[in-house]
Amino acid sequence: MKRIYVNEQWCLGCHLCEYECAFANSGMTDMAKALKGKEIHPNIRVEDGTDGIHFAVNCRHCSDPICVRSCIAGALSRTEDGMVQIDKSKCVGCFTCVLVCPYGAIMPDADGHAAQKCELCTRNLCGEPNCVKHCPNRAIVYEDRG
Amino acid sequence: MDMFIYPEYEVVRNPDLCIGCRVCERQCANEVHHYDFDLKKMVADSTKCVNCHRCVCLCPTHALKIVKSQDTYKTNANWENQTINEVYRQAATGGVLLSSMGNPKPFPIYWDKILLNASQVTNPPIDPLREPMETTVYLGRQKCEVVRDGSGKLKNTLAPQLKLNMPIMFSAMSYGSISYNAHEALARAATELGTYYNTGEGGLHKDFYQYGPNTIVQVASGRFGVFKDYLDTGAAIEIKMGQGAKPGIGGHLPGKKISADVSATRMIPQGVDAISPAPHHDIYSIEDLRQLIYSLKESTAYKKPVIVKVAAVHNVAAIASGIARSGADIIAIDGFRGGTGAAPTRIRDNVGIPIELALASVDSRLREEGIRDNVSIVVGGSIRSSADVVKAIALGADACYIATAAVLAMGCHLCRTCNVGKCNWGIATQVPELVKRLNPDVAAERLVNLVTAWNHEIQEIMGGMGINSIEALRGNRLMLRGVGLNETELKILGIRHAGESL
């Protein structure tokens with residue numbers, strides 16, 4: 001399946017992807033209206049190293065996802081083509097997934113009641129991952145690498 | 001910043017649109033923007049802004065724009081704001097003013113005073129989408145002698161040629177003046193397009209030897225990075241006698257741009273200024289030039305064409321005549337609007353002549369003397385579009401060099417501060433964090449797109465004229481008409497005024 005991959009060689013640490021992610025999942029069509037004056041809760045986070053290395057981290061959609069195995073409520077599941085998705089209506093907010101994810105790619109959502117994660121912009125109006133679309137240096141790519 | 005000088009450009013932020021994402025702050029190497037935690041908003045210091053538009057382009061909500069400051073001294077047509085500010089700047093520093101990229105002054109642009117012909121009724125236009133349209137160009141000495149071997153078969157006496165899929169090459173930009181990633185993008189784009197890029201005078205990084213078949217290697221007055229392998233790797237060798245942006249002036253790459261890699265490539269010590277002398281110290285005549293041309297040919301077994309690049313200066317036709325007799329295969333002429341990584345402002349803005357006039361006079365002179373076929377002519381120095389390319393070829397050029405357009409394609413916004421070395425677009429810098437902003441995958445793709453688009457347009461324009469081969473356009477000045485040009489200009493350009501028939 002196509003996954004989001006990050007090439008740290010080209011990641012500038014501009015953090016645009018975080019804002020584009022938050023906007024994509026805001027359900028709004030105006031970015032300023034969606035994000036102005038608000039704290040953002042993106043599914044992608046740029047880690048800034050001390051030696052000029054930057055890396056945008058989000059869900060790897062693991063083939064054997066430990067988060068799915070650890071979910072006590074059956075909220076996390078793997079789709080047929082391999083995307084790890086979350087059904088927030090089933091999530092009980094135990095955050096076991098947050099603790100077990102080796103990448104730190106699942107986090108509590110804005111109101112803290114359920115977990116949130118990257119679903120490759122399949123649940124919003126973007127059609128394709130918005131972080132990929134707006135990465136200014138093609139550091140984030142959406143590719144099928146088998 | 002000089003207390004006398006009000007910032008020329010101002011950063012304007014729309015507070016309704018700014019979401020405080022701080023992308024502008026992270027992307028500005030000049031530290032214009034910062035987030036004020038007390039005011040809880042982004043603020044900008046316009047005095048540091050070079051107007052490179054990096055922040056404007058990356059702002060996700062388009063909250064930023066850069067505007068020309070309306071602050072003005074008392075209006076004075078003779079002492080304009082910039083003129084006054086330059087005096088203040090020199091009064092404060094005592095230094096020579098430095099500038100980058102091409103001459104921005106409002107001199108006539110002859111390309112824009114030349115119009116192209118098209119076919120109507122009596123000769124049909126050609127549709128390039130339906131009929132073949134040849135844009136392949138061969139550069140090199142075209143004249144050859146008929147020599148037969150013992151069995152009477154013709155011997156190939158044609159001098160070595162460069163084959164270009166389109167009449168456009170990337171002109172010289174050295175590794176040092178531009179970044180590793182910019183060089184890689186140019187090399188990859190030239191290879192994909194079937195044309196050439198030029199190393200400039202900074203030698204060739206060992207990683208780029210693989211692109212040798214599409215590389216023109218330059219030998220300039222500083223002879224940086226010149227050795228046997230370098231000459232052998234290139235498809236052609238260019239002797240740089242001059243540069244359009246700074247005729248009669250050498251180069252000066254500041255020591256801070258001489259990184260370990262640049263130092264190894266140029267074969268000079270790290271951190272030491274790289275000075276290219278104004279003249280080649282072994283060339284004071286056409287005879288001397290001939291010696292260098294044949295030294296280079298000898299050392300590469302006469303397999304590569306040699307280009308001699310000169311700046312367009314007043315006597316360029318006579319100089320070109322000498323070069324055409326010196327054994328050079330190609331003459332490259334660089335007009336006074338050509339770009340540079342750094343040049344003294346007064347030189348850049350006041351020395352040299354327009355490429356259109358230089359090209360026309362060189363082509364005419366070589367034809368008159370019957371030596372036009374001795375050499376191909378390549379012109380550069382602000383070729384801005386496919387229309388400029390077509391006009392240049394109709395004036396007599398074989399191909400064009402582009403560099404400003406190429407760096408624009410890679411992201412340059414002509415802020416003209418390359419000399420500072422903090423290029424926010426990762427092009428004219430050696431700072432690793434800035435260099436990585438230019439992903440060669442993206443830049444090469446954009447270069448290929450640009451030149452491919454131009455080539456399509458060249459085919460369309462030629463088709464409209466009823467011409468199906470670039471060969472038939474070359475020197476075809478009847479396809480050109482001048483508008484608003486005086487008799488002298490028309491005579492030099494060798495074209496008629498619009499409205500004049502055959």
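The values are calculated or read from the model by the stated rules, or taken from the named source; none is laboratory data. None of these values were measured; they are calculated from a predicted model. Cβ coordinates were reconstructed from backbone atoms using ideal geometry, including for glycine residues, and neighbour counts include every protein chain displayed.
Worth a mention:
- Odd one out for residue B:142 among (1) in contact with a helix residue (DSSP H, G or I) (Cβ under 7 Å, 6 or more places away or on another chain); (2) in a strand (DSSP E or B): (2)
- Pairs where the first residue, in region B:178-204, is over 12 Å from residue B:407 (Cβ atoms) and the second is acidic (Asp, Glu), C-beta under 7 Å, 6+ apart: B:180/B:261; B:198/B:238
- Residue that is farthest from residue B:194 (Cα to Cα), among those in region B:145-168 that are hydrophobic (A, V, I, L, M, F, W, C) and outside any loop (DSSP other than H, G, I, E, B): B:147
- Matching option when the condition is closer than 23 Å to residue B:471 by Cβ, among the hydroxyl-bearing types (Ser, Thr, Tyr), within 21 Å of the chain's Cα centre (by Cα) and assigned by TED's automatic domain parsing to the domain that holds residue B:427, among B:386, B:276, B:382, B:364: B:386
- Scanning region A:10-17 turns up one or more residues that are surrounded by 21 or more Cβ atoms within 10 Å (Cβ to Cβ), closer than 18 Å to residue A:122 by Cα, of a type outside the set (Lys, Arg) and within 11 Å of the chain's Cα centre (by Cα).
- Long-range neighbours under 7 Å by Cβ, at least six apart or interchain, first residue in a strand (DSSP E or B) within region B:482-502, second of a type in the set (Asp, Glu): B:482/B:489
- Test: residue in region B:358-365 that is under 17 Å from residue B:476 (Cα atoms) and free of Cβ contacts under 8 Å to residues at least 24 places away in the same chain: no
- Complete set of residues in region B:33-80 that are more than 14 Å from chain A (Cβ to nearest Cβ), assigned to a loop (DSSP other than H, G, I, E, B) and among the polar types (S, T, N, Q): B:51, B:69, B:70, B:72, B:75, B:76, B:78
- Which listed residue, of B:51, B:81, B:14, is outside the structural domain of residue B:388 (by TED's automatic domain parsing), at positive phi and surrounded by 13 or more Cβ atoms within 10 Å (Cβ to Cβ): B:51
- Residues that are within 18 Å of residue B:26 (Cβ to Cβ) and free of Cβ contacts under 8 Å to residues at least 60 places away in the same chain were ranked within region A:19-30; the one that is nearest to the other protein chains (Cβ to nearest Cβ) is A:19.
- Residue within region B:429-441 that is at positive phi, within 14 Å of chain A (Cβ to nearest Cβ), at pLDDT 95 or above and part of a loop (DSSP other than H, G, I, E, B) present: no
- Being surrounded by 19 or more Cβ atoms within 10 Å (Cβ to Cβ) and in a helix (DSSP H, G or I) holds for only one residue in B:475, B:463, and it is B:463.
- Screening residue A:41 against (1) over 12 Å from the mean Cα position of the chain (by Cα); (2) more than 9 Å from chain B (Cβ to nearest Cβ); (3) not hydroxyl-bearing (Ser, Thr, Tyr) leaves a single unmet condition, (1).
- Taken together, the criteria place residue B:29 among residues that are over 18 Å from residue A:32 (Cβ atoms), within 14 Å of chain A (Cβ to nearest Cβ) and either aliphatic (A, V, I, L, M) or in a helix (DSSP H, G or I) (or both).
- Top-ranked residue in region B:54-78 [being exposed (fewer than 12 other Cβ atoms within 10 Å of the Cβ) and touching a residue at least 12 places away in the same chain (Cβ under 8 Å); ranked as nearest to residue B:5 (Cα to Cα)]: B:71
Here's the yes/no breakdown for (1) crowded, with 18+ Cβ neighbours inside 10 Å; (2) under 16 Å from residue A:22 (Cα atoms); (3) aliphatic (A, V, I, L, M):
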residue	(1), (2), (3)
A:81	no, no, no
A:88	no, no, no
A:97	yes, no, no
A:108	no, yes, no
A:123	no, yes, no
A:127	no, yes, no
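- Meets criteria (small (Gly, Ala, Ser), at negative phi and in contact (Cβ under 8 Å) with a residue 60 or more places away in the chain) for residue B:236: yes
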